[in-house]
1. Under the condition of being hydroxyl-bearing (Ser, Thr, Tyr) and surrounded by 15 or more Cβ atoms within 10 Å (Cβ to Cβ), which residue from the range 164-209 is nearest to Ser67 (Cα to Cα)?
2. Just to verify a result, which residue in the range 218-263, among those that are buried (at least 18 other Cβ atoms within 10 Å of the Cβ) and without any contact (Cβ under 8 Å) to a residue 12 or more places away in the chain, is nearest to Leu147 (Cα to Cα)?
3. For the range 171-227, what are the residues that are of a type in the set (Ser, Thr, Tyr) and under 22 Å from Pro156 (Cβ atoms)?
4. Taking Tyr163 as the residue in question, decide whether it is among the aromatic types (Phe, Trp, Tyr) and farther than 27 Å from Gly61 by Cα.
5. Assess whether Gly200 counts as being in contact with a Ser or Thr (Cβ under 7 Å, 6 or more places away or on another chain) and part of a helix (DSSP H, G or I).
6. Which residue, of Gly352, Gly401, is of a type outside the set (Val, Ile, Thr) and touching a Phe, Trp or Tyr at 6+ places or on another chain (Cβ under 7 Å)?
7. So which residues in the range 384-433 are closer than 30 Å to Gly311 by Cβ and in a helix (DSSP H, G or I), if there are any at all?
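The values are calculated or read from the model by the stated rules, or taken from the named source; none is laboratory data. What you are looking at is a predicted structure, and each value in this text was computed from that prediction instead of being measured. Here the Cβ positions follow ideal geometry from the backbone for every residue, glycine too, while neighbour counts run over all protein chains shown.
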Amino acid sequence: MSSSAEAVNTAALSSEGKTEKNWSMISLIVGLVGLGVAILGLVLGYGEEGTSRAWTGYLIGFAFWISILVGALMFIMISYAFDAGWSIIIRRQLEHLLSALPWMALIFTPLILAPWVMGNPGILWKWMNPEYVLSSGITVGEDPIFLWKEPWLNMPFMTTRTYFYFGVFIAFATILRRLSFGMDKDGDPSRYVKARYTSGVGIILVGLCASFAAFDWFMSLEFHWFSTMYGVWFFAAAMRATFAFTIILCFFLASRGYLKGIYNQAHRYDLGCLSLAFTVFWAYISFSQMFLIYQASIPEETFWYSIRLFGKDGSYNDWWYVSMSLIFLHFFVPFLFLLFYSTKISIPKLVGVSVWILLFHLLDIYYNILPAKGSQKADGTYDVVPFTIQIWDIAALIGIGGIVVWAFINSSKKTKPIPIKDPRILDSIHHHE
């Protein structure tokens, strides 16, 4: 190990102490209280007709955090695949973040297992209840579209797939964490080579699992609708959220934690460039999906956008304003700011844009999950779930976030702050534009 890396590591370790333990306990308490309130909402919403708002809010909170964790796993594997030296100190922070994945599997369990034991199995995914009355007036069990999709959309297969996805996420996260942390002890460069090969396979498997998870967990909420681009949308949104979260995380660790003096302007610039790239990619995928569906004008596809634009009387509904905000505020504002070099190197500007992206990423999740057609009314019309933010959403978001932060802090206390024996650690420490 070089004296330069040893000096950096010693300086980093000196910043760790009692404060970190306090934050760990605070995060755990916040997480448990938030989850407790969110789960209370699941219990209270048990007997509701149709889709319970509390259950949807729980899924929204889960979707926000799982997107960041899956994006972090993909970024780590992409960094290994491209042998990126600049991101090594950042990669270590995301490795700590991945320790939350097993807890995410546990957090998701009430949503996927409750339908097996409850009287209203379609409380979240309507296709799980064959007696649920659709807006067309027929039940799910009589619906011809569902009958064609039933070999895929059935509870046993859905449950099996869900835990297979988590198994893949956790397996690759565990392997990469062990290889990286093991290198801190013995400095064996073969571990780095194994991590690169593992990442080459993992990019494909994790990418496929993330796409199919998006189909199962989010797209099937309206099982009539389908889009082959939906998995790519989730990947683009997840990566974009991950870069925004990473910028904020590294800012705190550099200003008050163990990355002080290590995380520099060049790292901020590269993260800003990647954030700009995925801002454009997200916009391209989102627009292409909408454009192709409207161009084809197939009712089984266009209704998904129609209920997000118009009310039953033909006027704009709440979701029209959300749609416009995603275009102008989630794309154009970050895009225009991130075009400038000064934004990508300025801490206040870059952190501000990152917070902005995360807020509108959450709004994008609302847009994709919350709207749903209710049962048909006596006059032949149906209602669309309006845009609202409820206490259950906030509780799930804060509760799951508290568990993620708690897992991150606990992991960071068990190993080196940066991978000091990584073959290219000095490339990352001395990274410059």
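1. Once the filter is applied, the top-ranked residue is Tyr165.
2. Looking at the filtered set, the residue picked out is Met219.
3. Within the range 171-227, the first condition is being of a type in the set (Ser, Thr, Tyr), and the residues that meet it are 174, 180, 190, 192, 197-199, 211, 220, 227.
Ser211, Ser220 - these are the residues of the range 171-227 that are of a type in the set (Ser, Thr, Tyr) and under 22 Å from Pro156 (Cβ atoms).
4. Working: among the aromatic types (Phe, Trp, Tyr): yes; farther than 27 Å from Gly61 by Cα: no.
Here the answer is no, as Tyr163 does not meet what is asked.
5. Working: in contact with a Ser or Thr (Cβ under 7 Å, 6 or more places away or on another chain): no; part of a helix (DSSP H, G or I): yes.
For Gly200, the condition - in contact with a Ser or Thr (Cβ under 7 Å, 6 or more places away or on another chain) and part of a helix (DSSP H, G or I) - is not met.
6. Working: Gly352 fails: touching a Phe, Trp or Tyr at 6+ places or on another chain (Cβ under 7 Å).
When all the criteria are applied, what remains is Gly401.
7. Step one: list which residues in the range 384-433 are closer than 30 Å to Gly311 by Cβ, which gives 384-397.
Within the range 384-433, Ile391, Trp392, Asp393, Ile394, Ala395, Ala396, Leu397 qualify.
Quick grid of which residues meet (1) modelled with pLDDT of 95 or more; (2) surrounded by fewer than 22 Cβ atoms within 10 Å (Cβ to Cβ); (3) out of contact with any His (no Cβ under 8 Å at 6 or more places or on another chain):
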{"residue": "Val43", "(1), (2), (3)": "no, yes, yes"}
{"residue": "Gly50", "(1), (2), (3)": "no, yes, yes"}
{"residue": "Ala63", "(1), (2), (3)": "yes, no, yes"}
{"residue": "Leu69", "(1), (2), (3)": "yes, no, yes"}
{"residue": "Ser79", "(1), (2), (3)": "yes, yes, yes"}
